[in-house]
1. Which ordering of E183, E154, E99 is given by a fewest-first count of other beta-carbon atoms within 10 Å?
2. Give me the extension gain from D301 to N105: residue separation times 0.36 nm, minus the current Cα-Cα distance, reported in nm with one decimal.
3. How high is the relative contact order of region 278-323, given as a whole-number percent (alpha carbon pairs under 8 Å, six or more residues apart)?
4. Please report the spacing between the Cα centers of region 286-328 and region 124-200 in Å, no decimals.
5. At R83 and L288, where each label point lies 7 Å from the Cα along Cα→Cβ, what is the point-to-point distance in nanometres?
6. Y62: net charge of surrounding residues, Cβ under 11 Å, Lys/Arg +1, Asp/Glu -1, itself excluded?
7. What's the angle, to the nearest 10 degrees (0 to 90), between helix 249-263's Cα axis and the longest principal axis of the chain?
8. List the relative contact order of region 176-328 as a percent without decimals, with contacts defined as Cα pairs under 8 Å and 6+ residues apart.
Amino acid sequence: MRTSSKPWYWKAKDAWYVQIDRKQVMLAKGKAKKAEAKRRWHELMSEGLPRDAPFQLCIDRYLTRIGPPTHRSRKVVLDAFARHVGKVPASRLTKRHVETFIKPNWSPSTTRSAIKTILACLNRAVKDGLLDANPVKDVEKPAWERREHIMTPEELQRLLAAAREPFRTLLIAMAETGCRPQEICGVRVENCLPDQGMWLVENKTRNQTGLKMRPIYLTAKLVELTRGLMAGRTEGHLFLNRYGKPWRTDTLRCRFKRLREKLGLGRGVLPYGTRHRFASDAINGQRLDSLVVARLMGHSDPAMLARTYFREDASAMQEAMEKARGNT
């Protein structure tokens, strides 16, 4: 079974169709039945031989299992890769397809992330029975590159001083919680529990932990800020821009970039910079236990914290050595 396209709406017949084996097959009647048409398309494809599965079907199946925090970024990568390979069936993809997709100006981290997303999609297709095996499983990924420049406390203060509302309020919340940019953009009023001192956000690691939501604990300052932003609302995104629309992660990147260039700040002044700053302050400044910090940041153990966020501070390590020898 071969398909030459994704489902499309045929206005004259008020129905959704797909072309399979050079024949037009109706999937669902009515323009509003797009979801039903896509489900039927998936069923038809699953009935065919695994080796004939189109890459777009693999993408659609994979994205249904990805939570909102990472759905958009992974969809961007996979859609771009789908355009790059054209009509090549998923089983006929090669390492060459992946290698030519990577742009020369991409950093090792960006390249690694893109390859991991493609591999994850195809691995999911194997589990779903769409493929017999991942055809590009042996593609090489560049080594993970640790970010060497992080936002300094002084840079954070300058950023806060220069930011205008409502971006400034969002920035305060990012700095106070250390949460991921996609998490802060996704906080919803119905998941805000100021009386309990927490927000509930979509859990990025839900496939590993089994938990759909994770708590973000709030300081007293953020509890009051949350109550003010809710202001009687019972639903919708908590943080809104000046047009009353939810913030998006790409908008955050643009805001940080403009302020970084305007103020002449370092390369570590990025949306994730507040998260790196939070981790460093908690461990080196407040001397908090690494497991506690990891849990506050949404990790199940300190491994990711040590590999990605921890920055060794000489004075903190000297103090730790004195304590280790019982000298303080």
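Read the figures in this text as sums done on the coordinates, not as results from a lab. Just so we're clear, the structure is a prediction, and the values are computed from it rather than from any experiment. Neighbour counts run over all protein chains shown; Cβ positions are idealised from the backbone, glycine included.
1. E154, E99, E183
2. Between D301 and N105, full extension yields an extra 67.2 nm.
3. That works out to 38 percent.
4. After rounding, the separation between the Cα centres reads 21 Å.
5. With each label point 7 Å from Cα toward Cβ, the separation is 4.1 nm.
6. Counting the neighbours of Y62, the net charge comes to +4.
7. 40
8. Dividing the mean separation by the residue count of region 176-328 yields 22 percent.
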